[in-house]
Amino acid sequence: MQEQRRSPPVIGTLILSFLTVSAGVTVESRVARAREGDLQAREDLIRDYTPFILKTASSAARRFLVVGRDEEVSVALSAFNEAVSAYTSAKPGYLAFAATVIRRRLIDYYRKEKRRDEIPFSSLSDDEESEEWPVIAGAAKSYEAEDWSRVLERRDDIERWVEVLRGFRLTLKDVIRATPRHADARGRAIRTAARLANDPDLARKFMEQRRLPVDELVRSMPDQVASRKTLERQRDYIAAIAIILMCDLSSLREFLNLGR
């Protein structure tokens, strides 16, 4: 018998960066790996912190900046990369250091802009054609098709989600572990979460007791979407999805295709 095909849970991609933080991986430890020559670590770091880079650069520029349109973004990305190579301390403080480097390089850029049209990469690196530049550009490429403000909104919604989950004694790791591997099983769990969120009595009990009302859910589903055993096994995932729906975390609803 052919094994049922599995598709990777989208929710894992969504909260990957938050899982690394909860596992005790600091930005400084990631910077250290990148500085020691791990190009994949450097690319991942730049990709994960592109919203931070854009926010810092936009603040310095006093206007919203967009990847692929504004030259200041290239300067800021290179400055962040430069900061990765220059930061040698194991103590917290890398992001403050990177923000300073970004602002200084943008000042250099604006000063030179009056005399030349090209982006002054020479002021950022000794080698304009550094082999690291494709890594920088590739890491930021995913933001070209999406307004970075939406990325920041999604991160804000994740932080709100984490806060509510904490009230249910759940963590992002718990949600990942409970995520069904098969797409059809995830679909059934999402439908169960929607049923919970849309039933005023069940929703009120869920929020008051801070636990999934399994017995009531089973009785409310005459179509037998899932058995009690299945609900018990998926309770953390169902609870997490129900929280997204009930707290109106719109960016997460859109990302996970949960509907309106």
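A few comments on the model shown:
- Between Arg33 and Thr88, the simple label model (points 7 Å from Cα in the Cβ direction) yields a spacing of 2.3 nm.
- Rough spin-label spacing in nm, given labels placed 7 Å along Cα→Cβ, for Thr26 and Asp184: 4.8 nm
- For Lys112, the lysines whose Cα falls under 27 Å of its own Cα, not counting residues fewer than eight places away in the same chain, are Lys55, Lys141.
- Other residues within the sphere of radius under 15 Å centred on the Cβ of Pro92, judged by their own Cβ, net out at +1 (K and R +1, D and E -1).
- Simple label model, 7 Å out from Cα along Cβ direction - Met221 to Lys205, nm: 1.4 nm
- Neighbours of Glu28 by Cβ distance under 15 Å: Lys/Arg scored +1, Asp/Glu scored -1, total +1.
- Arg191-Ser250 FRET efficiency (beta carbon distance; Förster radius 22 Å; 0.05 resolution): 0.65
Values in this text are rule-based calculations from the coordinates and carry no lab data. Remember, predicted model here, so these are calculated numbers, not experimental data. Cβ coordinates were reconstructed from backbone atoms using ideal geometry, including for glycine residues, and neighbour counts include every protein chain displayed.
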